Amino acid sequence: MTRGVSRRGFLGLTGAAVALGAAGFAGRDLLRPGQPGLVLPSQAPLPGRFEIQLPVPPVLRPTSSDGTTDYYDVVQQVADLEILPGLRTEAWTYGGSFPGPTIVSRSGRRAAVRHRNELPRPTVVHLHGGHTPAESDGYPMDLVMPADRRDYTYPMEQRAATLWYHDHQHGFTGPAVWRGLAGFHLVHDDAEDALHLPAGDRDIPLMITDRSFAADGGFHYPLVDPSMAEHGVQDRYMDGVLGDVVLVNGAPWPALDVARARYRLRFLNASNARRYRLELDPQPSDGGALVQVGSDGGLLARPITHDAIDVAPGERFDVVVDFARFAPGTRVRLLNRLGEGRTTEVMCFDVSSARVDEDAQVPERLSSVEPLDLSRATTTRTFRFQLGEHHGWTINGEPYRPGRSLARPRLGDIEVWRFITDVHHPVHVHLDPFQVVSRNNRGPGPYDAGWKDTVDVRPAGGVEVAVRFTDYAGAFMLHCHNLEHEDMAMMADFVTE
Ligand code: C2O
Ligand code: CU
Ligand code: CU
């Protein structure tokens, strides 16, 4: 079968090319409003909405600490979880839970995490958003074999931010994350503390994933041959696997009781392929329910008020919601305006009459975000994310091959990277965050503010970012964070020097 994409060649950043590119895909069902991928229906009986209390993943305690470093142990293990009431789901977990335990670091204090692999296949751990030397960054061939272990060292020389860790093995990241290999890693610093944002049990990480379940409750994923775990996803799911159950922190459509107070909600889209448009319902009478204070790379310079937020796989949005704006007894649903059927709902917040003495606030100035000076940019590089000529997904026409690098940026230089797409691709860059400079030749979009490490590039889109790599020389990756695209080779090395 001939796929129109591959012959189209380079899609420029002009409006005409963008329009043309979009027309070329109209027949492929890829331009449904905002959603790539194919839904895999569940076979298990599914629970109703808002019946289960929201779980918050446990915080992992260090096994020891010294003047510079906190040491952690994580055992990667199979665990039977009760995700759907009354059924067992065999999961691959970090430490027996899904999500894995949350690691909490202080900026500048090193975290040394020893991962022991008791799973039936090799794994790789990547700290997404981490400013990490190559040897600990989770290169897809740096496998931890079953029954073996590896020490990952994270210097944490980076600002406060919501990071997450997940599997990154070559060609099998989609099924491994789907089965449960994902957790939060939060970084705090003094500048953030001084702001008095909502904290403690009013600072809640929310990992949103979609999943499908087999009749017996097991995770359902369309492998080529489920008895041979070596094999990847079936070709007809190459646009992405979409589940029909929305989990937040591993629970289907959960509910959370909230006081009439401000909460900091750290949204992470850890889904393989699904995008969400998150919106509260009802909205407070004067709108603007979601006050964004941070993005992938930590706090924004100033808060941005949204009615809805689009979140692509890999992205984080750190938001403050003031539930005092709702009457006691209100059930505030978190909707997904890009969903269909059951996936139009995510979770709910039940507003109690309890009042709390609040000292939390959202200051008008949150942090200083130094704009990367484009006039000093040394290089512009273009990366085309598109379907391959023959099979799978490519960057600049090349399917991923470990060890073949597409760029050699110099440490300390400011560069402009242009990402150009055929269909939807959330583009992620390792090692350092970037700043979105333009989208389809216009200014950045409403969700592009601050330091980003993943940017949602829409169909036939072009996004330019300014990036500056620092500190660590070595081989790192850029890739599409649609995990089926990633597994089907939409990844490339770049080597910093
Ligand atoms: Cu979250 Cu290279 O990935
Ligand atoms: Cu990453
Ligand atoms: Cu992609």
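Of the strands (runs of 3 or more DSSP E) lying entirely inside the stretch 269-379, those containing at least 1 residues that are among the aliphatic types (A, V, I, L, M), modelled with pLDDT under 95 and farther than 25 Å from LEU478 by Cβ are 345-355.
Report, by residue number, each residue of the stretch 142-190 that is part of a strand (DSSP E or B) and either within 16 Å of ligand 3 (Cβ to nearest atom) or among the charged types (D, E, K, R) (or both). Break it down into steps so the answer makes sense when it comes.
Just the residues of the stretch 142-190 that are part of a strand (DSSP E or B), to begin with: 144, 149-154, 161-167, 182-188.
Listed by number, the residues that qualify are ARG149, ARG150, ASP151, ASP167.
Residue check: TRP393 meets all listed conditions (1) away from ligand 2 (no atom under 16 Å from the Cβ); (2) within 22 Å of the chain's Cα centre (by Cα); (3) farther than 13 Å from HIS479 by Cβ but one, namely (3).
Considering the stretch 200-254 alone, what residues qualify as being assigned to a loop (DSSP other than H, G, I, E, B) and among the acidic types (Asp, Glu)?
Just the residues of the stretch 200-254 that are assigned to a loop (DSSP other than H, G, I, E, B), to begin with: 212, 214-218, 220-222, 224-232, 234, 238-240, 243-244, 249-250, 253-254.
Correct list: ASP216, ASP225, GLU230, ASP239, ASP244.
Within the stretch 64-107, restricting attention to residues that are touching a Ser or Thr at 6+ places or on another chain (Cβ under 7 Å) and of a type in the set (Phe, Trp, Tyr), the residue that is least open to solvent (accessible area, probe 1.4 Å) is TYR72. Residue selection: VAL187 satisfies the criterion of being of a type in the set (Val, Ile, Thr) and either within 15 Å of ligand 2 (Cβ to nearest atom) or open to solvent by 10 Å² or more (accessible area, probe 1.4 Å) (or both).
Can you tell me how many residues in the stretch 109-123 are of a type in the set (Gly, Ala, Ser) and more than 22 Å from the chain's Cα centre (by Cα)? Qualifying residue count, the stretch 109-123: 1.
Suppose we filter LEU163, LEU181, LEU197 for residues that are over 19 Å from the mean Cα position of the chain (by Cα) and open to solvent by less than 30 Å² (accessible area, probe 1.4 Å); which single one remains?
Values: LEU163 fails: over 19 Å from the mean Cα position of the chain (by Cα); LEU181 fails: over 19 Å from the mean Cα position of the chain (by Cα).
Just one listed residue meets the conditions, LEU197.
Regarding ARG337, is this residue away from ligand 1 (no atom under 16 Å from the Cβ), open to solvent by 20 Å² or more (accessible area, probe 1.4 Å) and in the same structural domain as PRO313 (by TED's automatic domain parsing)? Answer is yes for this residue.
Matching residues to (1) within 15 Å of ligand 3 (Cβ to nearest atom); (2) outside the structural domain of ASP318 (by TED's automatic domain parsing); (3) closer than 14 Å to VAL423 by Cβ:
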| position | (1), (2), (3) |
| --- | --- |
| ALA449 | no, yes, no |
| ASP456 | yes, yes, yes |
| PHE469 | no, yes, no |
| TYR472 | no, yes, no |
| MET477 | yes, yes, no |
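Scanning the stretch 264-297 for residues that are buried (at least 19 other Cβ atoms within 10 Å of the Cβ) and in contact with a helix residue (DSSP H, G or I) (Cβ under 8 Å, 6 or more places away or on another chain) returns ARG264, ALA270, ASN272, ALA273, ARG274, ALA289. The residues in the stretch 84-95 that are over 21 Å from the mean Cα position of the chain (by Cα) and not in a strand (DSSP E or B) can be counted, and the count is 5. For the stretch 456-478, the count of residues that are open to solvent by less than 30 Å² (accessible area, probe 1.4 Å), in contact with a helix residue (DSSP H, G or I) (Cβ under 9 Å, 6 or more places away or on another chain), within 15 Å of ligand 2 (Cβ to nearest atom) and of a type outside the set (A, V, I, L, M, F, W, C) is at least one. Among residues of the stretch 37-58 that are not assigned by TED's automatic domain parsing to the domain that holds PRO252, those with a Cβ under 6 angstrom from a residue that is open to solvent by 50 Å² or more (accessible area, probe 1.4 Å), sequence gap 6+ or separate chain, pair up as GLN43/ALA215; ALA44/ALA215; PRO47/PRO85. On the given criteria, is GLU389 away from ligand 3 (no atom under 16 Å from the Cβ), closer than 22 Å to GLY450 by Cα and part of a loop (DSSP other than H, G, I, E, B)? No: the conditions fail for GLU389.
Which residue, of ALA449, ALA489, is closer than 22 Å to ARG316 by Cα, touching a strand residue (DSSP E or B) at 6+ places or on another chain (Cβ under 7 Å), open to solvent by 10 Å² or more (accessible area, probe 1.4 Å) and part of a loop (DSSP other than H, G, I, E, B)? Even if it seems obvious, please write down each step before you answer.
Values: ALA489 fails: closer than 22 Å to ARG316 by Cα.
Residue meeting the stated conditions: ALA449.
State whether the residues of the stretch 417-431 include one that is within 26 Å of MET488 (Cα to Cα), touching a Phe, Trp or Tyr at 6+ places or on another chain (Cβ under 9 Å) and open to solvent by 40 Å² or more (accessible area, probe 1.4 Å). Yes, some residue in the stretch 417-431 is within 26 Å of MET488 (Cα to Cα), touching a Phe, Trp or Tyr at 6+ places or on another chain (Cβ under 9 Å) and open to solvent by 40 Å² or more (accessible area, probe 1.4 Å). Against the conditions (1) part of a strand (DSSP E or B); (2) surrounded by fewer than 15 Cβ atoms within 10 Å (Cβ to Cβ), ARG401 satisfies every one except (1). The residue that is nearest to ligand 2 (Cβ to nearest atom), counting only those in the stretch 428-446 that are within 18 Å of ARG408 (Cα to Cα) and assigned to a loop (DSSP other than H, G, I, E, B), is HIS430.
The values are calculated or read from the model by the stated rules, or taken from the named source; none is laboratory data. Predicted model, so just to flag it, every value in this text is computed and none were measured. Because the Cβ atoms are built from the backbone with ideal geometry, glycine has one as well, and the counts that use them run over all protein chains shown. Accessible surface is based on the protein model in full, side chains and every heavy atom, while ligands, DNA and RNA are left aside. Shrake-Rupley method; radii C 1.70, N 1.55, O 1.52, S 1.80 Å.
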